[in-house]
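Take a look at the structure set out below.
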Amino acid sequence: MFYKNARLYCQDFQFHTGAFSVEEGRFAQVLPEVVPADAVDLHGATVIPGLIDIHNHGNSGADFSDGDDAGLRKMARYLAKNGITSFAPASMTLPYPVLERAFATARRLHDEKPAGHARLMGIQMEGPYFSEKKKGAQNGEYLKDPDFEGFRALYEGCGGLVRIVDVAPELPGAAEFVEKAKELCTVSVAHTDSDYEHARAAFAAGATHLTHLFNAMPPIHHRKPGVIPAAVEAKGVRAEIICDGLHIHPAIIRLAFAMFGPARMILVSDALRCCGMPDGEYELGGQPVFLAGGVARLADGTLAGSATNLFDCMKNAVSFGIPEADAVRAATYNPACAIGAEREIGLIAPGYRADFVICSGDFTGRRVFLDGQEVG
């Protein structure tokens, strides 16, 4: 299938006007000089890669940590309809048997790849190796010190589907955990009260990711720099940021992109089961969560995850002043890199999976395609 007259986001991370083709579920020609006369005319519509959410707990009343097959499929269907064509669901701080069940459910969806559902590309293991002081909406009852053997058992049990594991660097054995876990997947610094020195040690040991930048970590202080400056200085580290308009002020979104640069920023939703749902009471990691006016909080008022999907987070980033091309990159190619999928998804380039979104210039009126097939 050939498409012409598209405003196309290409592998140089810029927009170009031209055509592209899809063959057997993958992009074939991109910006060819010769275009068939019967190519589908997109009349200048914007075409971007399908978005990739690597930090998403749930939506539509379902949560990944439930370990429920029907619920996970409901999540994947919602994501696909909203332009998120691949995802790595995030677990919560829970007992190992609960995580094992959820990871097994993820493996089934990954292996079966049902049509019209977002492609499950991995898991982000968010917890239980976190600081009590910065646990945020994580359940403190299940926190643990870094435990590589326990992690490896979970990793192997789901066939190596864990693509990101989170850890607080100040905990006993954290640096040793990073050194071992980095051989299996991306290691991320998260839910931490770490000082600058412990953070630097974690990055030196091989951590290359920062989970939801600014949230559940110390702020930047001019005499106690902490985790964030350590991450900025470690040039191989990418940083997630929640762009729902509630977790982070727009000025700080702009600051983050200025500090890390567009190649190192990743937009995430951190969406909860209340995403796509009406106000009311929900559940997160065994704790009640209350959604009111689009804001999800624990009973004590702690801000939980978001009720916003990644496509809307990307639109928010643009409205906050992030250059359009940089916002798209942060929601497509950069997250693909974090989960080791950058040669398969996240770009409109020959050989890549034909996951793309056709929309207007302001990202409305979208049509979503997975493997070249439109999602109904």
Task: Order of Thr85, Thr186 under a 10 Å beta carbon neighbour criterion, fewest first - done: Thr186, Thr85
Task: Cα shape, the range 51-342, gyration tensor, a/c 1.5 rule - done: rounded
- [ ] Mind listing the lone cysteines of the chain, meaning no other Cys beta-carbon sits under 4.7 Å from theirs?
- [x] Cys10, Cys158, Cys185, Cys274, Cys275, Cys337, Cys359
Task: Inter-probe distance in nm under a simple model that places probes 7 Å from Cα toward Cβ, at Ser360 and Leu31 - done: 2.7 nm
Open item on the list: Amide H of Arg238 versus every other amide H placed in the peptide plane: which residues, excluding those fewer than 5 positions away on the same chain, fall under 5 Å?
Closed with: His209, Leu210
Task: Amide hydrogen neighbours beyond the local backbone of His55, cut-off 5 Å, H modeled - done: Ala88, Ser269, Asp270
Task: Filter on Lys182/Lys235; Lys133/Lys182; Lys74/Lys113 - keep pairs with C-alpha separation over 18 Å - done: Lys133/Lys182
Task: Lys/Arg +1, Asp/Glu -1 at C-beta; the chain dipole; positive extreme among Pro278, Ala317, Leu291 - done: Ala317
Task: For the range 220-253 and the range 153-197, distance of Cα centres in Å - done: 19 Å
Task: Those aspartates and glutamates that a straight Cα-Cα span of less than 13 Å connects to Lys315, excepting residues fewer than 8 apart in one chain - done: Asp244, Glu324, Asp326, Asp362
- [ ] Assign unit charges at the C-beta atoms only (+1 for Lys and Arg, -1 for Asp and Glu), then state the dipole size of the range 1-126 relative to its Cα centre in Debye, rounded to the nearest 20.
- [x] 180 debye
Task: Contour excess over end-to-end distance, with Cα ends at Ala115 and Ile252 and 0.36 nm allotted per residue - done: 45.5 nm
TODO: Return the single residue from Leu310, Leu255, Leu79 with maximal mean-square fluctuation; model: Gaussian network over the chain, springs between Cα atoms under 10 Å.
DONE: Leu255
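Values in this text are rule-based calculations from the coordinates and carry no lab data. This is a predicted model, so every value here is computed, not measured. All Cβ positions, even for glycine, are placed from backbone atoms using ideal geometry, and neighbour counts span all protein chains on display.
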